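K.L.:
Take this structure first; my questions come after.
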Amino acid sequence: MQKVTLGKTGITVNKNGFGALPIQRISKEDAVCLVRMAYDAGITYFDTARWYTDSEEKLGEAFEGMRERVFIATKTGAADVETFWKDLNTSLTNLRTDYIDVYQFHNPAFCPKPDDGSGLYEAMMEAKAQGKIRHIGITNHRLAVAQEAVASGLYETLQFPFSYLSGRQELELVEACEQAQIGFVAMKALSGGLITNSAAAYAFLAQYENVLPIWGVQRKHELEEFISYIEHPPVLTKEREQLIAGDREQLSGEFCRGCGYCMPCPAGIEINTCARMSLLIRRSPSKSHLTEQAKEMMKNIENCLHCGKCKGKCPYELDTPTLLEKIMKIISGYWPAR
Ligand code: SF4
Ligand code: SF4
C-alpha cells in the first residue's frame, strides 16, 4: 500500500484521500455507507468544506465513535474574523468532534498573513493554540496565491489542482512544496471529468511521492475503482503514456476546468457547464448532455452582456465570453433536429 506524509504535519496516510464534495448530492444513509466503505478499505484522509452543504454532517455521522482513527480536513471561506469563528464552531459541531486535523482557507483571493489587516491568519493561530485545529492549510486555484503561500512558510499544507493535464508551473509548485516540506493535496486529479481514464490519472500522480490525491466520489462503483488501485496500483505503461500524450494534445491550451469561480453570471449563464460542453460531449458521450434542457442552457449564451465579470474572476485567465461563443458554434450541430 502506497503511503504519503503531508510535509511536517506528521500525517501519514494511504495515498488516496477521499474528497467529500460529491457526497452532498446523495442521501445521508448512502453517504455514510460510502465513507465507511472507504475507511474499511484503508482510506483515512477525508476532505470536506463548510461550503459543501451537509457534507460535514455526513462525515460526522460516519465517524461517530471512531474520530481518532481518521484525519479530517475542512475549510472556511471566511473573509472576516467573526465568520471564521462561526464557521469553525459550525464545522466542529457538524463533524461531531473537538478538533480538526487540517483547517484550510478555502480558495481566498489573497494569501492571508499575520498583520495583513484581515486578522484571518491570527485567528488560525489562535484556533491552533486552543487545540481546535491541528494544522493550518490553504486551498487555491490561483497559481500566484499558491506560490505566495508556499514562499511565506506560513502553511503546512497546500491544496491545488494537479493532474496529468497540469503544466510546468504546477509541477514547480509540487517541487517547491516538497523542498519546503509542505503537504501537497491534489484536487481535480480527473480535471473535473475531462480525464476519463482513472488508472492513467492514478499512475501519473503515483510518481510524486509528496502528493496526496483526493478523489471526489459519489457512487459505489467509482469508489470500488480507486479501492482496487490500493492493492494493485496502476503504473505508467507505454499505453498509458501514449493516452496521456494524446489527452494533452487534445486538451492543450485554453479549456475550462469547471471550477465555477467565475459565477454567478448576471445573465444567468451556467458558465462552468457551458464552457466545457463540447469537451464533455466529445470525451464522455452521454445522452444526458444532449437534452432539450441542455440545448436551452447553451442557447442562453446568446444573452451574454459582455460585462467581463467572468473573465476577471477566472483563475486560469481564460477569455470566458470568447470561449463561450466558440463553444456555442462548435456544438450547435450536435443536437438532433426535432
Ligand atoms: S461576460 Fe457574459 S458570461 Fe461573463 S459574466 Fe458577463 S454576462 Fe456572464
Ligand atoms: S471559465 Fe474559468 S472560472 Fe469559470 S468555470 Fe471555467 S475555469 Fe472556472
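The values are calculated or read from the model by the stated rules, or taken from the named source; none is laboratory data. Treat the numbers as computed from the prediction; the structure is a model and nothing was measured. Counting neighbours? That spans all protein chains shown, and the Cβs are built from the backbone with ideal geometry, glycine included.
K.L.:
Identify all residues within the range 259-269 that are near ligand 1 (Cβ under 10 Å from one of its atoms) and either surrounded by fewer than 21 Cβ atoms within 10 Å (Cβ to Cβ) or closer than 14 Å to Lys313 by Cα (or both); write none if there are none.
P.N.:
First, pick out the residues of the range 259-269 that are near ligand 1 (Cβ under 10 Å from one of its atoms): 262-269.
Residues satisfying the conditions are Cys262, Met263, Pro264, Cys265, Pro266, Ala267, Gly268.
K.L.:
Ok, one more. Going by what's in this entry, would Phe71 be described as under 18 Å from the mean Cα position of the chain (by Cα) and aromatic (Phe, Trp, Tyr)?
P.N.:
Values: under 18 Å from the mean Cα position of the chain (by Cα): yes; aromatic (Phe, Trp, Tyr): yes.
Judged against the criteria, Phe71 is a match.
K.L.:
Then there's this: How about the range 22-64: which of its residues are free of Cβ contacts under 8 Å to residues at least 60 places away in the same chain, assigned to a helix (DSSP H, G or I) and among the small types (Gly, Ala, Ser)?
P.N.:
Ala31, Ser55, Gly60, Ala62
K.L.:
Here is a follow-up. State yes or no: is Met298 within 16 Å of ligand 1 (Cβ to nearest atom) and outside any loop (DSSP other than H, G, I, E, B)?
P.N.:
Taking the combined requirement at face value, the residue satisfies it.
K.L.:
Additional query: Take the range 301-338 and flag every residue that is more than 11 Å from ligand 1 (Cβ to nearest atom) and exposed (fewer than 12 other Cβ atoms within 10 Å of the Cβ).
P.N.:
Residues satisfying the conditions are Glu317, Lys329, Ser332, Gly333, Pro336, Ala337, Arg338.
K.L.:
Please count how many residues of the range 74-123 are over 16 Å from Thr139 (Cβ atoms) and hydrophobic (A, V, I, L, M, F, W, C).
P.N.:
Total meeting the criteria: 5.
K.L.:
Name the residue, out of Leu59, Leu120, Leu95, Leu88, that is touching a Gly at 6+ places or on another chain (Cβ under 6 Å) and not hydroxyl-bearing (Ser, Thr, Tyr).
P.N.:
Values: Leu59 fails: touching a Gly at 6+ places or on another chain (Cβ under 6 Å); Leu120 fails: touching a Gly at 6+ places or on another chain (Cβ under 6 Å); Leu88 fails: touching a Gly at 6+ places or on another chain (Cβ under 6 Å).
Leu95 is the lone residue from the list that is touching a Gly at 6+ places or on another chain (Cβ under 6 Å) and not hydroxyl-bearing (Ser, Thr, Tyr).
K.L.:
Output the residue which, of all residues in the range 236-258 that are at pLDDT 95 or above and surrounded by fewer than 12 Cβ atoms within 10 Å (Cβ to Cβ), is farthest from ligand 2 (Cβ to nearest atom).
P.N.:
Lys238
K.L.:
Further question: Of everything in the range 305-321 that's part of a loop (DSSP other than H, G, I, E, B) and under 28 Å from the mean Cα position of the chain (by Cα), which residue is farthest from ligand 2 (Cβ to nearest atom)?
P.N.:
If we filter the range 305-321 for residues that are part of a loop (DSSP other than H, G, I, E, B), which is where we start, we get 305-308, 314-319.
Then keep just the ones that are under 28 Å from the mean Cα position of the chain (by Cα); that gives 307-308, 314-319.
Numbers: Cys307: 14, Gly308: 12, Cys314: 3, Pro315: 6, Tyr316: 5, Glu317: 8, Leu318: 5, Asp319: 9 Å.
Within the range 305-321, the match that is farthest from ligand 2 (Cβ to nearest atom) is Cys307.
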